[in-house]
Amino acid sequence: MTEQADVAARLQDVKGRRIRQDGTDVTSFNVAKPETPWVIFGPREAVEFKEQVAALSAAGGRVYEVHGRALMDEAGVLDAFARAVGVPGYFGWNWDALVDCLDDLHDAVTGGVGIVVVVHGADALLGADHLKVFMTMLCLAADRANTDVDPDGDLRDEPVVIEHFIFLLDEVRAEEFTAGIEDPDVVVSVEGDFLTVALNLDAWRPKAAGRPKVS
């Protein structure tokens, strides 16, 4: 059995819960599907990350890697993401431009499936001044890319593209990032060893028709 097939065999959907064959729960996030949450902080060696990234890759998606040391301010974030996924010549080099770029990735970048950006050494970002806006921008971009309707409920012209961001931690516990990320624009949740971030739909998609369908 191939490694990808083995990963798939160990994961099952049972009444909306993902469980392994040994009956243990798998975390609620899944970076191999167009499902919230969009940003996940967790231990570098977490098996959930390895399994889900492998599943996305096996489906044809792409994995991009950056280091937390390169993301210490807005300029660093923009440069690192531009190097990782590429940007058009008219890229505006600001937060809004990053959102637009991540919402409009071409097939050569996504494999026609989606992407996951893996941030190594994310411990370095603890206490960073720009962390709240950084997380909000990533969630805005991923919310658009993973959803087939706009906030008014109208179908978007772009196809749904899986897009998530994983922040790997070496020593810092994920929950330590809570205070630095909490903001009315996002929903921050702690789930065991993981911290997840999603867009606050009450703020950004108040209309029921404009919200993604729940599987």
- Message: Condition check: in a strand (DSSP E or B) and free of Cβ contacts under 8 Å to residues at least 60 places away in the same chain. Does residue 119 satisfy that?
- Response: yes
- Where in segment 46-107 are there helices (runs of 4 or more DSSP H), lying fully within it, with 2 or more residues that are at pLDDT 95 or above and of a type in the set (S, T, N, Q)? 47-58
- residue 136 vs. criteria part of a loop (DSSP other than H, G, I, E, B) and among the hydroxyl-bearing types (Ser, Thr, Tyr): no
- residue 87 passes all but one of the listed conditions (1) over 21 Å from residue 167 (Cα atoms); (2) surrounded by fewer than 18 Cβ atoms within 10 Å (Cβ to Cβ); the exception is number (2)
- Query: Does residue 131 satisfy being modelled with pLDDT of 95 or more and either of a type in the set (Gly, Ala, Ser) or within 28 Å of residue 211 (Cα to Cα) (or both)?
  - Reply: yes
- Task: With respect to residue 100, determine if the residue is under 23 Å from residue 209 (Cα atoms), in contact with a Phe, Trp or Tyr (Cβ under 9 Å, 6 or more places away or on another chain) and open to solvent by 60 Å² or more (accessible area, probe 1.4 Å).
- Result: yes
- Item | Answer residue from segment 143-188, given it is part of a loop (DSSP other than H, G, I, E, B), aliphatic (A, V, I, L, M) and closer than 29 Å to residue 112 by Cα and is most open to solvent (accessible area, probe 1.4 Å) among those | 160
- Query: Residues 113, 117: which one is within 16 Å of the chain's Cα centre (by Cα), of a type in the set (Val, Ile, Thr) and more than 15 Å from residue 165 (Cβ to Cβ)?
  - Reply: 113
- Task: Just give me the residues in segment 189-204 being in a strand (DSSP E or B) and either touching a helix residue (DSSP H, G or I) at 6+ places or on another chain (Cβ under 8 Å) or open to solvent by 80 Å² or more (accessible area, probe 1.4 Å) (or both), in sequence order.
- Result: 190, 194, 195, 197, 198, 199
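The values are calculated or read from the model by the stated rules, or taken from the named source; none is laboratory data. Computed from a prediction, not measured in an experiment: that's the story for all the values here. Glycine also receives a Cβ, built like all others from the backbone with ideal geometry; neighbour counts cover every protein chain displayed. Please note that ligands, DNA and RNA were not included when accessible areas were found on the heavy atoms of the full protein model with its side chains. Shrake-Rupley method; radii C 1.70, N 1.55, O 1.52, S 1.80 Å.
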